[in-house]
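Comments concern the structure below.
The values are calculated or read from the model by the stated rules, or taken from the named source; none is laboratory data. On a predicted model such as this, the values are computed, not experimentally measured, just so you know. Here the Cβ positions follow ideal geometry from the backbone for every residue, glycine too, while neighbour counts run over all protein chains shown. Note: areas computed on protein heavy atoms with side chains; ligands, DNA, RNA excluded. Shrake-Rupley method; radii C 1.70, N 1.55, O 1.52, S 1.80 Å.
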Amino acid sequence: MANVIALAQLYKALLDRVYTITSCTTILEANQTYVKPTDAPNIVKVAKMLVQGLGDYSRSNGYPKGAVTLDWELFQLQFDRGREFNIDAMDNFESLDLPTANLLKEFMEQWVVPEIDAIRFSRLSSRAGNTVAADFADPETAVKALRLAQEALEDAKVPRSDLVFFFSNSLYYSILNSKDWTRTLTPGQSPNGHFDAFDGIRRVNVPKDRFYSAITLNPGATDADAGGYIKDATNGKDINFILMHRPASNAVTKHAVPKIFTPAENQEMDATKFQYRIYHDLFVPDNKTPGIYLHTGA
């Protein structure tokens with residue numbers, strides 16, 4: 001049993017490592033200080049603090065009394081997803097355990113990570129306080145749209161610190177191809193026009209296949225249904241960019257240790273059985289929606 005537990009821990013480390021490397025949304029993981037569990041397994045509480053403004057100071061009575069309210073907004077986790085695989089004992093033995101290691105890597109990179117990102121971006125889209133739908137005629141139009149987004153968040157009194165831009169690749173390379181974009185060339189180096197920040201705001205590029213405003217999850221319950229997700233044909237739009245204050249959202253993941261059963265423990269077949277389950281969601285409290293600006297295609 002000890003060896004099985006050690007194997008499960010090894011595979012969990014692989015799962016977590018692949019997810020960290022390839023995900024676009026790890027920076028949105030919740031600050032656990034502001035997220036609390038409840039007695040219900042599918043409900044979490046997110047802190048929301050309200051304070052009052054200044055009042056007139058009285059030289060006879062002193063300071064006007066104020067109130068601090070700390071509420072806990074309840075959110076229900078919506079996404080409970082999983083999959084089971086069986087690897088034949090002889091296949092695994094003859095391949096020196098390579099099928100198991102490659103299975104986990106491929107599963108995470110091709111299916112799990114893109115789906116988690118796609119869910120989070122669709123959730124952000126549904127809770128955005130500012131939404132604009134327009135196509136870009138040229139790179140200059142795109143740059144103007146990015147600056148308008150910054151202006152909108154500043155007018156909403158969203159702190160400039162901790163802002164992040166999520167870019168579509170098409171938007172990013174459109175800006176790079178603009179004749180007005182500055183390139184640098186230093187001795188001994190190749191020309192480089194790439195940028196990690198736009199107007200001092202961190203940039204994260206997102207692959208097109210997970211950057212939709214709405215998606216549909218496949219149940220994956222039959223051999224013909226591979227699972228995963230697709231773009232919502234009715235409501236989903238390609239996202240051009242999202243500008244947001246990172247603390248505006250709370251990405252919560254209950255990432256359980258994967259279950260692994262040896263062929264001796266597997267009562268169904270002579271195979272190593274791997275089961276993976278992830279229970280997660282992304283929440284945006286009501287008072288934080290102004291901190292999310294969504295720009296989609298028309």
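Going residue by residue through the range 216-229, is there one that turns out to be open to solvent by less than 30 Å² (accessible area, probe 1.4 Å), at negative phi and assigned to a loop (DSSP other than H, G, I, E, B)? No, because not a single residue in the range 216-229 is open to solvent by less than 30 Å² (accessible area, probe 1.4 Å), at negative phi and assigned to a loop (DSSP other than H, G, I, E, B). Only a single criterion out of (1) open to solvent by 80 Å² or more (accessible area, probe 1.4 Å); (2) among the basic types (Lys, Arg); (3) modelled with pLDDT of 95 or more is not satisfied by residue 203, namely (1).
Of the residues screened, residue 294 is one that is open to solvent by less than 20 Å² (accessible area, probe 1.4 Å) and at pLDDT 90 or above. None of 153, 148 is open to solvent by less than 20 Å² (accessible area, probe 1.4 Å), modelled with pLDDT of 95 or more and either in a helix (DSSP H, G or I) or out of contact with any Cys (no Cβ under 8 Å at 6 or more places or on another chain) (or both) except 153. Residues in the range 124-144 that are more than 11 Å from residue 294 (Cα to Cα), in contact (Cβ under 8 Å) with a residue 40 or more places away in the chain and assigned to a helix (DSSP H, G or I) were compared, and the one that is most open to solvent (accessible area, probe 1.4 Å) is 140.
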